[in-house]
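Undergrad: Quick one: this structure, given as structure tokens, is what I'll be asking you about.
Any read-out appearing in this document is the output of simple, stated calculations on the displayed coordinates, not a laboratory observation. Keep in mind that what you see is a predicted model, and the values were worked out from it rather than measured. Cβ sites come from the backbone with ideal geometry, for glycine too, and all protein chains shown count toward neighbours.
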Amino acid sequence: MNVMEAIKERRSVRAYKQKPVPEEKLQKILEAARLAPSAGNRQSWKFVVVREEEKRKKLAEAAANQSFVAEAPVVIAAVALNPDYVMRCEVPSYAVDLAIAVDHMTLAAVEEGLGTCWIGAFYQNQVKEILNIPEKYKVVALLPLGYPADNPRGKSRKSLDEIICYETFKE
Ligand SMILES: Cc1cc2nc3c(=O)[nH]c(=O)nc-3n(C[C@H](O)[C@H](O)[C@H](O)COP(=O)(O)O)c2cc1C
């Protein structure tokens, strides 16, 4: 599978089979996060792999009761270790860095026949407490990972005409 095929095939998966994720596949997906670029190559991140059922249930509750989060046999919490660093362009690097790493994992998962769903609707303090994450860090995303139990249709996207302009910005 090439990159464009993985990009086109990826969907947010919100139903998972009760089938374990093979360790080898998990390691490939984590490797995709490890290889992601980051501002100044700081790699100020940590990825907490959660398999314990009790913890996954608690994470689903912390994610505003999105129960499919606990259905997935693996949930990965993406944690920024330096959330205060702001780049010269006035953009905090942590959200950018972690987004790239998480997206690498979503695409690597597709290649492994696995599904994911970026979860941003969660309570920061609750997830920190469940996973023993120090206050000074920031959880950027939860990523349930498992074999898809549904086959979601692709969501529509704006056309290129709507989102691209050339040479100068146009509203
Ligand atoms: C930053 C971010 C936060 C998101 N949070 C949630 C979430 O909490 N729950 C959920 O079901 N989907 C969540 N999504 C998934 C989006 O709803 C989904 O990507 C979008 O509808 C497009 O669908 P697709 O991923 O299938 O292409 C999130 C996606 C992103 C990028």
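Undergrad: Looking only at region 9-41, count how many residues are over 18 Å from I100 (Cβ atoms) and without any contact (Cβ under 8 Å) to a residue 12 or more places away in the chain.
TA: Of the residues in that region, 4 qualify.
Undergrad: Answer with yes or no whether V69 is in a helix (DSSP H, G or I) and either surrounded by 18 or more Cβ atoms within 10 Å (Cβ to Cβ) or small (G, A, S) (or both).
TA: Working: in a helix (DSSP H, G or I): yes; either surrounded by 18 or more Cβ atoms within 10 Å (Cβ to Cβ) or small (G, A, S) (or both): yes.
Here the answer is yes, as V69 does meet what is asked.
Undergrad: Looking for whichever is more than 15 Å from the ligand (Cβ to nearest atom) and touching an Asp or Glu at 6+ places or on another chain (Cβ under 9 Å) here; the options are K55, K17. Which one fits? First the steps, then the outcome.
TA: Values: K55 fails: touching an Asp or Glu at 6+ places or on another chain (Cβ under 9 Å).
Checking each option against the conditions leaves just K17.
Undergrad: Okay, next question. Residue check: is A101 within 18 Å of the chain's Cα centre (by Cα) and under 29 Å from V3 (Cβ atoms)?
TA: Yes: the conditions hold for A101.
Undergrad: Being surrounded by 12 or more Cβ atoms within 10 Å (Cβ to Cβ) and away from the ligand (no atom under 16 Å from the Cβ) is the filter here, so list the residues in region 131-171 that pass it. Spell out how you get there, then give the answer.
TA: Let us first name the residues in region 131-171 that are surrounded by 12 or more Cβ atoms within 10 Å (Cβ to Cβ), namely 131, 133, 137-150, 152.
Within region 131-171, L131, I133, Y137, Y147 meet the criteria.
Residues are listed down the side, and each one gets a yes or a no for (1) touching a strand residue (DSSP E or B) at 6+ places or on another chain (Cβ under 7 Å); (2) aliphatic (A, V, I, L, M); (3) in a helix (DSSP H, G or I):
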{"position": "R56", "(1), (2), (3)": "yes, no, yes"}
{"position": "A78", "(1), (2), (3)": "yes, yes, no"}
{"position": "D84", "(1), (2), (3)": "no, no, no"}
{"position": "V102", "(1), (2), (3)": "yes, yes, yes"}
{"position": "L107", "(1), (2), (3)": "no, yes, yes"}
{"position": "A121", "(1), (2), (3)": "no, yes, no"}
{"position": "E135", "(1), (2), (3)": "no, no, no"}
{"position": "K155", "(1), (2), (3)": "no, no, no"}
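Undergrad: Related question: Which of the residues belonging to region 63-94 are among the β-branched types (V, I, T), out of contact with any Leu (no Cβ under 9 Å at 6 or more places or on another chain) and within 16 Å of the ligand (Cβ to nearest atom)? Lay out the reasoning, then the answer.
TA: Step one: list which residues in region 63-94 are among the β-branched types (V, I, T), which gives 69, 74-76, 79, 86, 91.
Cutting the leftovers down to out of contact with any Leu (no Cβ under 9 Å at 6 or more places or on another chain) gives us 86, 91.
Matches in region 63-94: V91 only.
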